[in-house]
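Asks: Here it is, the structure in full.
The values are calculated or read from the model by the stated rules, or taken from the named source; none is laboratory data. This is a predicted model, so every value here is computed, not measured. Methodologically, a virtual Cβ is constructed for each residue, glycine included, from the backbone with ideal geometry; neighbour enumeration extends over all protein chains shown.
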Amino acid sequence: MARRRKVCFVLPSLNGGGAERAAVQILNGLDPNQWDRSMFLFAREGPYLAEVDPSIVITSADTASRWGRWRALRSFVARERPDLVMAFLSFFSALSAVRAAHTRAKVVFNLQTPMSAFLTDADYHWRRSWHKAAFAAVARVGYAAADLIIATSHGVARDLTTTFGIDPDHIRVLANPVDVDRVRAAIAEPIDAAILPPGDAPLIVAAGRLAEAKNYPLMIDAFAMLRQRMPARLCILAKADVFLLTSRYEGFGNVLIEAMALAVPVVATASAGTRDIVDQEVDGLLVDSHTPEAVAAALRRVLENRELRASLSCQAAASAEQFSAPRVIARYDQVLKQVAA
């Protein structure tokens, strides 16, 4: 029997977020008969800790010091000697620590967002203008030094090549896995009527962290315009007639696939990640103009056109299957084996 390859996923923590959830799902899904799986966390905390397969060894730095966390990761890699280390976030700390351990471990970055958009995100405060420029310069060097970069969408990959000059052959595009069966099972769970806006008008649902990148002001403005033309309700989060996503940018958009898996038609602002998920006019509508008028018009079109809504719903459920966890993790398995070989 062939030796199991040793793979370690490195993250700051398992606090709630798309990258953390994707990391847990991917590592859980890799075949334990072929992979010796481990996870290194700079801080052992977060709601996704409970979802990690019990057979996966979790090691943490157990110190608040950045230098201490870096040293702990270096020591871990030197001791355990994984064949492959995949970093989610904290890319350059992981890369430098692995290289300093002087092993043959391959380093893969898993990039979930277009970095050029991150550099302009108002939620991430750069204390000095040169800090942003320095980060961009380090990113350019660090991305090139990794053995491979996995991008969650073609838009994220294009951002790497056009903004940071990364060779396209150095990048693989792999979507995040979505547990489609789990999402569909959850629809049977009752919803507290107290959280639903009252009435029988069509219900628009949104979901996501309350962050600048999610652009909820655009959503509220578009909803206000829609209400001038027709009755409607907006909720964050419940069952829906339409799912709405108005992010300024998305590296992927797990929540879109979850809505589509439930045969809910989606309306989303066009961005790096949403273009890889939504097939325009087939399983959803993409809004190129990030304005209240354009978003409201797309919502009206779906809500007033029963035939279109039915068509989008039917195709959305089918489209979601391509992002199901078994299919995506099989692709991850293939790519990681190629890198580790």
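Asks: Kindly check whether there is at least one residue in region 8-21 that is at pLDDT below 95 and polar (S, T, N, Q).
Replies: yes
Asks: Okay, moving on. Report whether or not GLU258 is assigned to a helix (DSSP H, G or I) and either within 29 Å of THR162 (Cα to Cα) or among the charged types (D, E, K, R) (or both).
Replies: Judged against the criteria, GLU258 is a match.
Asks: Right, something else. Given the residues ALA222, ALA238, ALA259, which is the only one that is at pLDDT 75 or above, in contact with a Phe, Trp or Tyr (Cβ under 6 Å, 6 or more places away or on another chain) and either farther than 20 Å from LEU111 by Cβ or crowded, with 20+ Cβ neighbours inside 10 Å (or both)? Walk me through it before giving the result.
Replies: Numbers: ALA222 fails: in contact with a Phe, Trp or Tyr (Cβ under 6 Å, 6 or more places away or on another chain); ALA238 fails: in contact with a Phe, Trp or Tyr (Cβ under 6 Å, 6 or more places away or on another chain).
None of the others qualify; the one that does is ALA259.
Asks: Looking at region 296-341, which of the residues that are of a type in the set (Val, Ile, Thr) and modelled with pLDDT of 90 or more is farthest from PRO202 (Cα to Cα)?
Replies: Taking region 296-341 first, the residues of a type in the set (Val, Ile, Thr) are 302, 328-329, 335, 339.
In the following step, the residues that additionally are modelled with pLDDT of 90 or more were identified as 328-329, 335, 339.
Details: VAL328: 34, ILE329: 36, VAL335: 43, VAL339: 49 Å.
Among residues in region 296-341 that are of a type in the set (Val, Ile, Thr) and modelled with pLDDT of 90 or more, the one farthest from PRO202 (Cα to Cα) is VAL339.
Asks: Okay, moving on. Before we move on, is ARG275 over 21 Å from VAL183 (Cβ atoms) and at pLDDT 90 or above? Talk me through it step by step, then tell me what you get.
Replies: On the way: over 21 Å from VAL183 (Cβ atoms): yes; at pLDDT 90 or above: yes.
So ARG275 passes the test.
Asks: For region 143-210, list the strands (runs of 3 or more DSSP E) that sit wholly inside it and hold at least 2 residues that are at pLDDT 90 or above; which are they?
Replies: Of the strands (runs of 3 or more DSSP E) lying wholly inside region 143-210, those with at least 2 residues that are at pLDDT 90 or above span 148-151, 171-173.
Asks: Kindly establish whether LEU244 is at pLDDT 90 or above, within 22 Å of MET219 (Cβ to Cβ) and not in a helix (DSSP H, G or I).
Replies: For LEU244, the condition - at pLDDT 90 or above, within 22 Å of MET219 (Cβ to Cβ) and not in a helix (DSSP H, G or I) - is not met.
Asks: Within region 295-307, count every residue that is more than 25 Å from the chain's Cα centre (by Cα) and hydrophobic (A, V, I, L, M, F, W, C).
Replies: Count: 4.
Asks: Let me ask something else. Does PRO32 satisfy the condition of being in contact (Cβ under 8 Å) with a residue 12 or more places away in the chain, in the same structural domain as ALA137 (by TED's automatic domain parsing), crowded, with 19+ Cβ neighbours inside 10 Å and part of a loop (DSSP other than H, G, I, E, B)?
Replies: Against the criterion (in contact (Cβ under 8 Å) with a residue 12 or more places away in the chain, in the same structural domain as ALA137 (by TED's automatic domain parsing), crowded, with 19+ Cβ neighbours inside 10 Å and part of a loop (DSSP other than H, G, I, E, B)), PRO32 does not qualify.
Asks: If I filter region 308-341 down to residues being over 22 Å from the mean Cα position of the chain (by Cα), of a type in the set (S, T, N, Q) and surrounded by 14 or more Cβ atoms within 10 Å (Cβ to Cβ), which single residue comes out as farthest from ILE257 (Cα to Cα)?
Replies: Looking at residues that are over 22 Å from the mean Cα position of the chain (by Cα), of a type in the set (S, T, N, Q) and surrounded by 14 or more Cβ atoms within 10 Å (Cβ to Cβ), I get SER311.
Asks: Which is within 22 Å of LEU160 (Cα to Cα), in contact (Cβ under 8 Å) with a residue 12 or more places away in the chain and surrounded by 15 or more Cβ atoms within 10 Å (Cβ to Cβ), of VAL108, VAL52, VAL77, VAL98? Even if it seems obvious, please write down each step before you answer.
Replies: On the way: VAL52 fails: within 22 Å of LEU160 (Cα to Cα); VAL77 fails: within 22 Å of LEU160 (Cα to Cα); VAL98 fails: within 22 Å of LEU160 (Cα to Cα).
After applying the criteria, what remains is VAL108.
Asks: Could you list, in sequence order, all residues of region 6-27 that are surrounded by fewer than 18 Cβ atoms within 10 Å (Cβ to Cβ) and in contact with a strand residue (DSSP E or B) (Cβ under 9 Å, 6 or more places away or on another chain)?
Replies: LYS6
Asks: Residue check, ALA50 against (1) of a type outside the set (Phe, Trp, Tyr); (2) more than 27 Å from GLY273 (Cα to Cα); (3) under 18 Å from the mean Cα position of the chain (by Cα), all met but one. Which one?
Replies: (3)
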